[in-house]
Amino acid sequence: MSALSDTHRARRNAANCSTCAMRHLCMPEGLCASDVAKLENIISVTRKVKRGEALFRAGDRFDALFALRAGSLKKVVAQDGGREQVTGLLLAGDAVGFESIEEGVHTCDAVALEDSTVCVVPYPLFERMCRETDALQKRLHRMMSHALNREVNHVVRLGMLRADERVARLLLDISSRLSRRGYAASEFTLRMTRDDMGSYLGMTLETVSRTLSRFDRSGLIETQGKFIRIRDFDGLRAV
């Protein structure tokens, strides 16, 4: 009975890249069927992370990459004095942990913004498969480049844009990313708190709240708690 339970649990927690709705954004993208099967063989299990729980913490040993199968995470770095800085927003289909490869330890916290599921990709096995499979190695390079470009673009936005421009670009970015994942572009639940948004955008909580309220009054968006409806895409882009 116990052996059967273990088998059912393993099947339930297994990663099935070939049938995953996020495969067009994740590691299997561009791979042939045989390479996808090899990738499935090295992905050990899926793991659930409850809202508010950490997938990993800064200083934890790095031994696996993670592919976010469902949900969303924020990346957080501790600053001097105990302050926390939100440095990234990860959605389903994103890979997690690239920044930790060089040091061998995780350099930030990855905290679930909602109940989420990740696929666990043991890095030694993944690295060996990359050496043996050119297509996967190229896919890895593209994913790392995409993650780096996203971080660079974010830093540029912080340095060059006004507060209202930063909020507008964040809403448009989330809308675009959700649309690529098959979700509605104009309506979504903003999983980040206003405080998280302020930390991520280099603004105070009060400035974020005032900006969203002003966008609402001007008809650019409609807000109801964490629910956001974009009513005027062109107007939001023109901010």
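The values are calculated or read from the model by the stated rules, or taken from the named source; none is laboratory data. All figures in this text were calculated on a predicted structure; none of them were measured in a lab. Positions of Cβ are generated from backbone atoms using ideal geometry, with glycine treated the same way; all protein chains shown enter the neighbour counts.
Assorted remarks:
- Residue pairs meeting the criteria (Cβ under 6 Å; at least 6 apart or on separate chains; first assigned by TED's automatic domain parsing to the domain that holds V76, in region 47-65; second among the acidic types (D, E) and exposed (fewer than 15 other Cβ atoms within 10 Å of the Cβ)): K50/D115; R51/E114; R51/D115
- Hits in region 189-219 - residues which are under 18 Å from L113 (Cβ atoms), touching a residue at least 12 places away in the same chain (Cβ under 8 Å) and among the aliphatic types (A, V, I, L, M): L190, M192, M197, L201, V208, L212
- Subset of region 64-92 [at pLDDT 90 or above and in a loop (DSSP other than H, G, I, E, B)]: G71, A92
- When E102 is tested against the conditions (1) assigned to a loop (DSSP other than H, G, I, E, B); (2) touching a residue at least 40 places away in the same chain (Cβ under 8 Å); (3) more than 12 Å from the chain's Cα centre (by Cα), the lone failure is (2).
- Test: residue in region 168-188 that is within 30 Å of G235 (Cα to Cα), part of a strand (DSSP E or B) and either touching a strand residue (DSSP E or B) at 6+ places or on another chain (Cβ under 8 Å) or free of Cβ contacts under 8 Å to residues at least 60 places away in the same chain (or both): yes
- Checked against the criterion of being of a type in the set (S, T, N, Q) and either within 22 Å of R69 (Cα to Cα) or touching a Leu at 6+ places or on another chain (Cβ under 8 Å) (or both), the candidates T189, T204 yield just one match: T189.
- For G52, the test of being closer than 17 Å to S116 by Cα, at pLDDT 95 or above and either of a type outside the set (S, T, N, Q) or part of a strand (DSSP E or B) (or both) is passed.
- Exactly one residue out of E29, E40 is in the same structural domain as T117 (by TED's automatic domain parsing), part of a loop (DSSP other than H, G, I, E, B) and under 24 Å from R128 (Cα atoms): that is E29.
- Residues of region 107-142 that turn out to be outside any strand (DSSP E or B) and either modelled with pLDDT of 95 or more or in contact with a His (Cβ under 7 Å, 6 or more places away or on another chain) (or both), as a count: 3
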